[in-house]
1. For a quick check: with amide H placed at 1.01 Å from N, whose amide H comes under 5 Å from Thr343's, ignoring anything fewer than 5 positions away on the same chain?
2. Considering all alpha-carbon pairs of segment 459-567, what whole percent are spaced by more than 20 angstrom?
3. Scan around Val438 for amide H atoms under 5 Å from its own, H built in the peptide plane at 1.01 Å from N, and keep only partners 5 or more places away or cross-chain.
4. Leaving out ligands and nucleic acids, and using a 1.4 Å probe, what accessible area per residue does segment 396-461 come to in Å²?
5. Extension gain Leu407-Ile683, at 0.36 nm per residue separation less the Cα-Cα distance, in nm?
6. For segment 353-482, give the magnitude of the charge dipole about the Cα centre (Cβ charges: +1 Lys/Arg, -1 Asp/Glu; no others), in debye to the nearest 20.
7. Checking the a/c ratio against 1.5 first, then a/b against b/c, what shape does the Cα gyration tensor give for segment 573-676?
8. So for segment 147-301, Kirkwood radius off the Cα pairs, Stokes-Einstein at 37 °C and 0.692 mPa s: how many µm² s⁻¹?
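The values are calculated or read from the model by the stated rules, or taken from the named source; none is laboratory data. Keep in mind it's a predicted model, so treat the numbers as computed, not measured. Quick reminder, even Gly has a Cβ in these numbers, built from the backbone with ideal geometry, and neighbours come from all protein chains shown. The protein model used for the area step is the full one, side chains on, heavy atoms only, and it has no ligands, DNA or RNA in it. Shrake-Rupley method; radii C 1.70, N 1.55, O 1.52, S 1.80 Å.
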Amino acid sequence: MYHVISTCITAIILYLISYFFYRIGYYSLQIHRQFWNIALAIAFIITAFAGVFIALQINYKWSIPFIKTVLKWHVEFGIGLAVTGIFHLTWHLNYYGKFFKNTASVQEKPMLQKVSASQLKTNLFIIGFISSSFQFLLMREILNVTGGYELIAGTFLGSWLITSAIGSSLASRSSLNDIRKINLFFSISPLISLMMMLFLSRVFLNPGESPSFLVAIIYTFLVLFPFCLVSGFTFIKLFTISPEYNIVPGKSFSIETTGGIVAGILVAILSAGLLNTYKLILLIILFSAGYTLSVFYIFAPKSKIWLKLSVITLAALTIFLQPDLLFRRILLPGIKVTGTKDTPYGNITTGKYKGEESLYYNQRLLAYKDDATEREEDIHYAMLQSETPDKVIVISGSPQSHIPEVLKYPVKNIIYIERDPALVRYETSGINRFPDKVSIVNSDAYQYIRKSEEPADVIILLVPPPVTLLLNRYYTSEFFGEVKRILNRDGIFMCSPGPGDNYMNKESLGLYSSIYNSLAANFKNVEPVVGNKLYFIASDKELSLDICQLVKRKNIKNIYVCDDYLEDDLINRKSNEIKALIDHTAKQNRLAFPVACLHSQSYQFTKNMGEKIPILVILFIVFALPAITIKRKNLLMYFSASALAGFEIIILLSLQIMVGNMYQLTGLIIAGLMAGLAVGSGINIRIFNTIPLRFKVIFLIIFYIAFGLVYNYMIVIKSGLISVVVIMLSGFIPALLTGRVFRELTGKAEGLALSSAIYSADLAGSAFGFILISGLIVPVFGIQVSIYILTSLIIGGILFGTIWNK
């Protein structure tokens, strides 16, 4: 399917946003023209080359395996080329008529509007607060929409910073210096990005489906572009006038970062089930607009009172009118949304599709009626293997679907583990109370298994495949070892690492081999069962795949898992085929080296083979190419920021491994890291004044090496509270040193251009670090080696930014 109308509308909207920024003075007409000339040239080149490939295939019958992908890109970019070409020609007829005339003129920049020192500090704090709070909430929502794996998180953070770097770079050349207008446009920009997200979700994404990585990259970048460009622009404009008020640049950065710290703490508290995501976003936009109007536009006391009353009234209406229902209906077209709730662990949405009730978790279908095939396979392949299933542990899944299946057996105790209590309440609200033998535990299953001392007969793992590190930890040798520890002598364990495909490519075999080998390292017998999913059953006892005979012998009344639909010979034959394909030399999947997560993401990429090259090209152009624009004297800042950003990704991944929740505590972890930046850049610590800059950077290298040495010991800490404290302190120390590097470099800079260049180097380096670590280094080398690689980035900054700069 070709997105004719949606591509046209998207191109028009992007062009109008670009034109709007030019008209309000963010950049000159020349930059606006250059940007769209480049866009038109790229669209033309891709369309032309794709057309050549199609012509060769048609005329000379060339066998081009990716011809369908080429045709799609030819049409899509052709549409974009046509639309932008028409609008570009319409708006710039005079430009083409005066092509050979030198009409450029230099405009004298008007003076910045004078404000008091206290107003400037408050303004910086508000900019940091709004930017960070909007970032935390938008990141959560985009992760929900696009699938939630770490590469998307890295892309989000990288896109946020690279577009902010563009904005800060434009600020040094912009003639817009009116503080009133700058703040007004800043208060409007979150609303523009929010509308872009809703529009792009409707026209390019299918409800309930995870988009391809290429689509996710483009979607994320386009959504973030309006707000992040304005945010970077606004901060630099305020940042560069701070010396006039005896505020050193590092202090300005510290004040702005302090706003981000407060935002992280406040969002973590309010999003812990108190207020839904979109309600919080609207309240933040309302607060930003109210601040701008009251400080810069409305001065009469009575008018200020009316403004405050209006803001309070609108805020009250936002809280009580449940706007999240409207946003979920936009994001889930075709579903009659009846309720939605954001919890510390994700979003729960209930709705009806053609009259049938369904439950969605993080935008994806979780539970529905008439799911006999899935629920029976999830339970009975494991339960049939046990002769005395007295105690059964079910991890995740749907209680209303799976627990009744377990109750078909003479069990004495069922423990159902689900981290999100709100999800359990939603699922069990419409059914009768479970028997007393059923216990529902709202805890992280990984931590529960690690701490449990009570033996079990059957443990069934129903979490999704290991597409993220949060899920990957349930498929590691370490977790399987803990499962083995609490199982009785003939205990049974079952998990499902992926779909039951008839054909398995290299990526899927790599995934299944790593998990199979991890199970085989802990259990004597591992048997694959191919159904709608691929199941691995593991035990120290002999296992039987004569499923139909077992159902008959135990007199289990099933709809699907029985001889009406299944045949034992076919089940055994498929199982033997899988075992014959397993690579027994493949690396085991471990916490510190999540190879299954790498294979799982690679497997997802194979569903869109034609997107690999465009993905690499886009990532290189957007995140790596800006490095050549960084001046050598700013490379130390660039590489130090890259290392810190990569370390931020690593500690967020470690948070998932150790605590098991990225949503609830991410804001606090980032707030701790920002606190380090604020202290390092904003407070004059005397002991640092006596230490040369190069030695501070060497301290960074020593810290990263030391952290890597103790990492494997750190991730096995069982206490959740201690884990969080350790992670927060781990982020604070390198952030403190990196903030000090920023303070010293900006303290030596004079003028708008130099300060802007250092800040841009900081942002661009951070963007590069996010993508490099999350997208390449961690998946390929594992977490511990990735920590050591951070030191090479710092060394690169010393070599290219200090020694070779002399």
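1. Amide H to amide H, under 5 Å and 5 or more residues apart or across chains, Thr343 pairs with Ile348.
2. 44
3. Here the answer is Ile414, since their amide H atoms fall under 5 Å of that of Val438.
4. Heavy-atom accessible area per residue stands at 43 Å².
5. 93.1 nm
6. Taking the Cα centre of segment 353-482 as origin, the dipole is about 300 debye.
7. Oblate, because a/c is 1.5 or more while a/b does not exceed b/c.
8. Estimated via Stokes-Einstein, D reaches 189 µm²/s.
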